[in-house]
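Structure record follows, encoded as structure tokens.
The values are calculated or read from the model by the stated rules, or taken from the named source; none is laboratory data. Computed from a predicted structure; not experimentally measured. Positions of Cβ are generated from backbone atoms using ideal geometry, with glycine treated the same way; all protein chains shown enter the neighbour counts. Protein only, heavy atoms only, side chains kept; ligands, DNA and RNA dropped before computing areas. Shrake-Rupley method; radii C 1.70, N 1.55, O 1.52, S 1.80 Å.
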Amino acid sequence: MTPDLTMSASVTYLTHGRVRLALHELSAGTGGSVPLLLLHSLGGRTTSKIPPSVQQQWTGPVFGLDFTGHGQSSCPSGGGYSSELLMADADTALREIGPAVIVGSGLGGYVGLLVAGASAGRATGVAVVGGSGLAGGGVRPGSESIAVPPHRSDGSTPDPFALVELSTDLRPPNYVASFVRQFVSESVAELPVSICTAARPPWLAAVVEEFGVASCSLSEALDHFSGD
């Protein structure tokens, strides 16, 4: 979890079902690039500190979304977290800010690829970087037991249910690859997906093999997505 917990000054609250999502505007931008949406890692949150490479390279607006059960977003009662729930969170944010490039850290990178394939053109590019929750729960169940997090009813984040349920979320490689194929087939860009992490769990190794996916640094990905 990032040590800088200073929150951004401009926060818009969006409604996704019964959850209140916090969408932070981190920079209004100085140029004509499309917006950039930052999706944090498992247990993380949006902070006012924009990653240096983003701050130096991206001239368009920069936003950060707090997923359900994280940051300033609210927690559902009794859990029920899944990557698909967070995908809908991200889609809610994209509907608000318009077409955007997504930079997702860890779990946020996985969610970014899902929403890109399902959002009918609302994502224009996705960069996946390392972070907590990148591996998920693997390709098959590892235990027949169900972990129950400690009860906490004060609404503080990150929600223990989110940490338990999302860290064990199964990720069959062919599942996420199908979302990537859909995204690439609808994109006008030659390489709309960039993998910017050396860690390659099975689902991400499958993504790297897909057409339209590049392996590069985040700096190179931002240059590509901005058209520079």
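Numbers at a glance
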read-out	value
Check on T68, closer than 25 Å to V180 by Cα, β-branched (V, I, T) and either under 17 Å from the mean Cα position of the chain (by Cα) or assigned to a helix (DSSP H, G or I) (or both)	yes
Top-ranked residue of the range 53-91 - restricted to ones that are surrounded by fewer than 16 Cβ atoms within 10 Å (Cβ to Cβ) and of a type outside the set (S, T, N, Q), ranked as farthest from V103 (Cα to Cα)	G78
Verdict on S74 being within 22 Å of A221 (Cα to Cα) and small (G, A, S)	no
Tally, over the range 105-128, of residues that are open to solvent by less than 10 Å² (accessible area, probe 1.4 Å) and hydroxyl-bearing (S, T, Y)	2
Search result, residues across the range 77-105 that are in contact (Cβ under 8 Å) with a residue 60 or more places away in the chain, under 23 Å from T157 (Cα atoms) and not in a strand (DSSP E or B)	G78, G79, G80, Y81, S82, S83, L86, A88, D89, T92, A93
Selection from the range 8-20 of residues that are touching a helix residue (DSSP H, G or I) at 6+ places or on another chain (Cβ under 6 Å) and at pLDDT 95 or above	L14
Hits in the range 138-155 - residues which are modelled with pLDDT of 70 or more, under 18 Å from H70 (Cβ atoms) and open to solvent by less than 70 Å² (accessible area, probe 1.4 Å)	G155
Filter result for the condition that a residue is surrounded by fewer than 19 Cβ atoms within 10 Å (Cβ to Cβ) and in contact with a strand residue (DSSP E or B) (Cβ under 8 Å, 6 or more places away or on another chain), over I102, I50	I50
Flag for L14 being surrounded by fewer than 23 Cβ atoms within 10 Å (Cβ to Cβ), of a type in the set (A, V, I, L, M), in contact with a strand residue (DSSP E or B) (Cβ under 9 Å, 6 or more places away or on another chain) and within 23 Å of L114 (Cα to Cα)	yes
Residues of the range 172-228 that turn out to be open to solvent by less than 30 Å² (accessible area, probe 1.4 Å) and in contact with a Lys or Arg (Cβ under 8 Å, 6 or more places away or on another chain), as a count	2
Number of the exception - T59 against (1) within 24 Å of T124 (Cβ to Cβ); (2) at pLDDT 95 or above	(2)
